[in-house]
């Protein structure tokens, strides 16, 4: 990619690896940020073409009374079936990436860099859309325990979600910058601040 400003930076990692906390730290330091998970939620609002496509593919069992997507029901389907998960991603991801690209284009040219939190960046093969990639990582044991601590998932379901993504070690190897979130918040903050200084230079 050409090195125009603002630099397009992706933040990724694995589920429960500390991405959301890192994104909040970038934002707290004045860096423009956007969250692909939020965009994915917005993409399937009632009446949206994406929700219609989801219902066509998965049926009415994934819709709540009132017409909103039943994320729990959909999650149980797609994390137990890799083919179903790919079908869902084909519906949602083009909408999300288009919104991210549009967002970057609205930023002031004086902005040195901006960060998009994209959980499935490497899985979707879109890392080439960005000038730099920051990966949030922790130990596999921490990842599982953090996910279980959120509640609502059995250990089997939590492992399904982790295993549906590329291993964190693979993402770390491909990263431009790495934030190790396995220690305390102060140490994570220090690493994010260091990355901000580098990317602002």
Next on the checklist: Take residue 98 and tell me if it is exposed (fewer than 15 other Cβ atoms within 10 Å of the Cβ) and either under 23 Å from residue 167 (Cβ atoms) or at pLDDT 95 or above (or both).
Outcome noted: yes
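Within the stretch 72-89, is even one residue in the same structural domain as residue 28 (by TED's automatic domain parsing), touching a helix residue (DSSP H, G or I) at 6+ places or on another chain (Cβ under 9 Å) and free of Cβ contacts under 8 Å to residues at least 40 places away in the same chain? Write out each step before concluding.
From the stretch 72-89, those in the same structural domain as residue 28 (by TED's automatic domain parsing) are none; that's our starting set.
No, the stretch 72-89 has no match at all.
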Checklist entry - Can residue 75 be described as within 18 Å of the chain's Cα centre (by Cα) and assigned to a loop (DSSP other than H, G, I, E, B)? => result no
Next on the checklist: Of the conditions (1) outside the structural domain of residue 164 (by TED's automatic domain parsing); (2) at pLDDT 95 or above; (3) exposed (fewer than 14 other Cβ atoms within 10 Å of the Cβ), residue 65 satisfies every one except a single condition; which number is it?
Outcome noted: (2)
Item to check | Residue in the stretch 15-35 that is nearest to the chain's Cα centre (by Cα), counting only those that are surrounded by fewer than 18 Cβ atoms within 10 Å (Cβ to Cβ) and part of a helix (DSSP H, G or I) | outcome: 20
Checklist entry - Is one or more of the residues making up the stretch 111-125 without any contact (Cβ under 8 Å) to a residue 24 or more places away in the chain and under 30 Å from residue 5 (Cα atoms)? => result yes
Checklist entry - Would you call residue 164 touching a helix residue (DSSP H, G or I) at 6+ places or on another chain (Cβ under 9 Å), in contact (Cβ under 8 Å) with a residue 60 or more places away in the chain, closer than 25 Å to residue 9 by Cα and surrounded by fewer than 17 Cβ atoms within 10 Å (Cβ to Cβ)? => result yes
Checklist entry - Taking the stretch 41-54, which residues are within 24 Å of residue 114 (Cβ to Cβ) and surrounded by 19 or more Cβ atoms within 10 Å (Cβ to Cβ)? => result 43
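Do the conditions hold for residue 50, that is, is it in a helix (DSSP H, G or I) and free of Cβ contacts under 8 Å to residues at least 40 places away in the same chain? Steps first, answer last, please.
Numbers: in a helix (DSSP H, G or I): yes; free of Cβ contacts under 8 Å to residues at least 40 places away in the same chain: no.
Criteria not met by residue 50.
Quick one: which of 118, 134 is buried (at least 17 other Cβ atoms within 10 Å of the Cβ), at pLDDT 95 or above and closer than 24 Å to residue 72 by Cβ?
Details: 134 fails: closer than 24 Å to residue 72 by Cβ.
That would be 118, the only listed residue that is buried (at least 17 other Cβ atoms within 10 Å of the Cβ), at pLDDT 95 or above and closer than 24 Å to residue 72 by Cβ.
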Checklist entry - Within the stretch 83-95, is even one residue surrounded by 13 or more Cβ atoms within 10 Å (Cβ to Cβ), farther than 22 Å from residue 175 by Cβ and touching a strand residue (DSSP E or B) at 6+ places or on another chain (Cβ under 9 Å)? => result no
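The values are calculated or read from the model by the stated rules, or taken from the named source; none is laboratory data. Quick caveat: nothing in here was measured; it's all calculated off a predicted structure. With ideal geometry, Cβ positions are generated from the backbone for all residues, glycine too; neighbour counts draw on all protein chains shown.
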